[in-house]
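In what follows, a structure is listed as structure tokens, so that the remarks can point back to it.
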Amino acid sequence: MKLPPLEEGRLIQRYKRFLADVEFPSGVETVHCPNPGAMTGLKDPGLRVWCSVSENPKRKLKKTLELVEVEGGLVGIHTGRPNTIVHEALEKGTIAELSGWSQIRREFNWRPGTRFDFCLNRDTETMGMLLEVKNVHLLRPDGPNPGAAEFPDSVTARGTKHLRHLAESIEEGWQAGMLFVVQRTDVDRFTTAADIDSVYAQELLRVRKLGVQIHAWVCRLSLDEIKLERPLPIDLD
């Protein structure tokens with residue numbers, strides 16, 4: 001996924017979940033922070049950040065936080081980007097386990113009140129695969145899983161609901177999968193942050209046993225582009 005032109009700045013503070021103050025060469029501005037999570041380790045004052053700039057005259061906040069630089073490199077914090085990253089990867093057949101589908105539909109309404117990020121079909125099939133995508137950016141060097149990319153970074157009742165619905169879809173004849181998109185490279189495996197959300201961690205284990213496929217991929221990040229690069233080992237036990 002090609003990124004729009006970015007402006008570099010220094011983070012002053014992130015607050016009210018979706019706001020951040022950033023110091024640019026032109027001065028301090030409040031920018032949109034497209035991440036509802038805790039952003040542990042990614043919101044420290046003074047961190048170097050990059051923001052995209054909107055040309056929409058109706059937007060109150062013209063800039064959006066995209067990347068944060070930490071000791072291990074760049075980290076993508078925009079939770080809206082992974083779906084585009086995954087869509088491009090699906091079209092190119094990057095993920096072997098998710099290749100071979102002739103139809104890729106985004107924002108698929110499975111049933112009233114439940115929507116999945118992707119529905120993958122073959123021309124001859126009524127039911128194919130339902131795929132949910134999650135952005136991963138949590139790494140806690142001094143936490144319970146050093147070196148691991150962890151999800152979630154805050155309690156996610158919505159995420160747990162998605163897992164339950166994926167399991168229910170299998171009972172109807174669908175295939176189902178979870179794809180964790182890790183927007184940082186300084187990790188060696190993927191696991192759940194059970195100390196943050198034990199319910200989600202237990203539910204992911206449960207639905208995997210029921211047949212929900214679990215995938216985790218690391219992204220290659222630059223100031224110009226983000227794309228899936230390699231699969232990560234998954235450690236849920």
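The values are calculated or read from the model by the stated rules, or taken from the named source; none is laboratory data. Computed from a predicted model, the values in this text were never measured in an experiment. Here Cβ is always computed from backbone atoms with ideal geometry, including for glycine, and neighbour counts include all displayed protein chains.
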For residue 165, are the conditions met, namely being modelled with pLDDT of 95 or more, farther than 21 Å from residue 89 by Cα and of a type outside the set (Val, Ile, Thr)? yes
Given (1) assigned to a helix (DSSP H, G or I); (2) over 13 Å from the mean Cα position of the chain (by Cα), identify the lone condition not met by residue 159. (2)
Identify all residues within the stretch 39-68 that are closer than 23 Å to residue 149 by Cβ and surrounded by fewer than 16 Cβ atoms within 10 Å (Cβ to Cβ); write none if there are none. 44, 48
Touching a Ser or Thr at 6+ places or on another chain (Cβ under 8 Å) and among the polar types (S, T, N, Q) - does that describe any residue in the stretch 119-142? yes
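Does residue 97 fit the bill of being surrounded by fewer than 16 Cβ atoms within 10 Å (Cβ to Cβ), within 21 Å of the chain's Cα centre (by Cα) and within 18 Å of residue 138 (Cα to Cα)?
Working: surrounded by fewer than 16 Cβ atoms within 10 Å (Cβ to Cβ): yes; within 21 Å of the chain's Cα centre (by Cα): yes; within 18 Å of residue 138 (Cα to Cα): no.
Judged against the criteria, residue 97 is not a match.
Residue 54: touching a Gly at 6+ places or on another chain (Cβ under 8 Å) and at pLDDT below 95, yes or no? Don't jump to the end; show me each part of the working.
Values: touching a Gly at 6+ places or on another chain (Cβ under 8 Å): no; at pLDDT below 95: yes.
It is false that residue 54 is touching a Gly at 6+ places or on another chain (Cβ under 8 Å) and at pLDDT below 95.
Would you mind finding the one in 19, 90 that is among the aliphatic types (A, V, I, L, M) and either in contact (Cβ under 8 Å) with a residue 60 or more places away in the chain or more than 16 Å from residue 133 (Cα to Cα) (or both)? So that I can check it myself, show each step before the final result.
Working: 90 fails: either in contact (Cβ under 8 Å) with a residue 60 or more places away in the chain or more than 16 Å from residue 133 (Cα to Cα) (or both).
Going through 19, 90 in turn, the sole match is 19.
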Just one of (1) under 22 Å from residue 108 (Cβ atoms); (2) buried (at least 20 other Cβ atoms within 10 Å of the Cβ) trips up residue 160, so point out which. (2)
